[in-house]
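One structure is given here, and the rest of the page talks about it.
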Amino acid sequence: MAGERERGGRERSREREERDSEFVDKLVHINRVAKVVKGGKRFGFAALVVIGDQKGRVGFGHGKAREVPEAIRKATESAKRNLTRVALREGRTLHHDVAGRHGAGRVYLRTAPAGTGIIAGGPMRAVFETLGIQDVVAKSIGSSNPYNMVRATFDALKHQDSPRSVAARRNIKVSTLQSRRVGGDAEVVAE
């Protein structure tokens, strides 16, 4: 009986590890803060972590603790609770150009042809790598605060629409929607 219970516990922990291993996490920023107390300074740490499965799901989290590893663990747990799904074109880039903002942080994300790579600054690059985007051009304007940049990037990704979702919202077929496109991938018949 005890052996069965132990084996069940091990199997559950292995399943949890497999579920956790599907995610890639990136540490974006660590902030050290000092509180001055009677005996000297007491340090605390805040961590910003981005997590994703490199297949279109991504999330970010923030954690605070007295030690760095504990802050990172808390931030990772927070990120796993806040995962969002983003529609990707051909599994490598965005469907359309989009802008996002949070506070004083503004970002512009542009779709890119194959082979471009990730052209983006620090915090945005971490989001794109964990999301699974391979080709994107991004520009950050305004605040260079990593928290605002990450939140602005998530705001932009939230406004990303796939042709399938647009067609469903407008009650038309995807082929009809894409045949109306001028330029881009669809051919325009000129008479």
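Considering the conditions (1) open to solvent by 50 Å² or more (accessible area, probe 1.4 Å); (2) modelled with pLDDT under 90; (3) of a type outside the set (Val, Ile, Thr), His102 is excluded by exactly one of them, (2). Just so you know, in the range 48-64 the residues that are over 14 Å from Ala126 (Cα atoms) and either in the same structural domain as Phe128 (by the TED database) or in contact with a Gly (Cβ under 7 Å, 6 or more places away or on another chain) (or both) include one that is modelled with the lowest pLDDT, and it is Lys55. Looking at the range 145-171, which of its residues are free of Cβ contacts under 8 Å to residues at least 12 places away in the same chain and either open to solvent by 20 Å² or more (accessible area, probe 1.4 Å) or touching a His at 6+ places or on another chain (Cβ under 8 Å) (or both)? Passing the criteria: Val166, Ala168, Arg169, Arg170, Asn171.
Looking only at residues of the range 133-142 that are in contact with a helix residue (DSSP H, G or I) (Cβ under 7 Å, 6 or more places away or on another chain) and among the small types (Gly, Ala, Ser), we find that the one that is least open to solvent (accessible area, probe 1.4 Å) is Ala138. Give the residues of the range 102-135 that are of a type in the set (S, T, N, Q) and more than 14 Å from the chain's Cα centre (by Cα), sorted by residue number. Result: Thr111, Thr116.
For residues that are of a type outside the set (Phe, Trp, Tyr) and surrounded by 15 or more Cβ atoms within 10 Å (Cβ to Cβ), tally how many sit in the range 105-121. So the answer is 11.
The values are calculated or read from the model by the stated rules, or taken from the named source; none is laboratory data. Since the model is a prediction, treat every value here as computed from it, not as a measurement. Ideal geometry is used to build each Cβ from the backbone, glycine not excepted, and the neighbour counts take in all protein chains shown. With ligands, DNA and RNA removed, areas are computed over all heavy atoms of the protein, side chains included. Shrake-Rupley method; radii C 1.70, N 1.55, O 1.52, S 1.80 Å.
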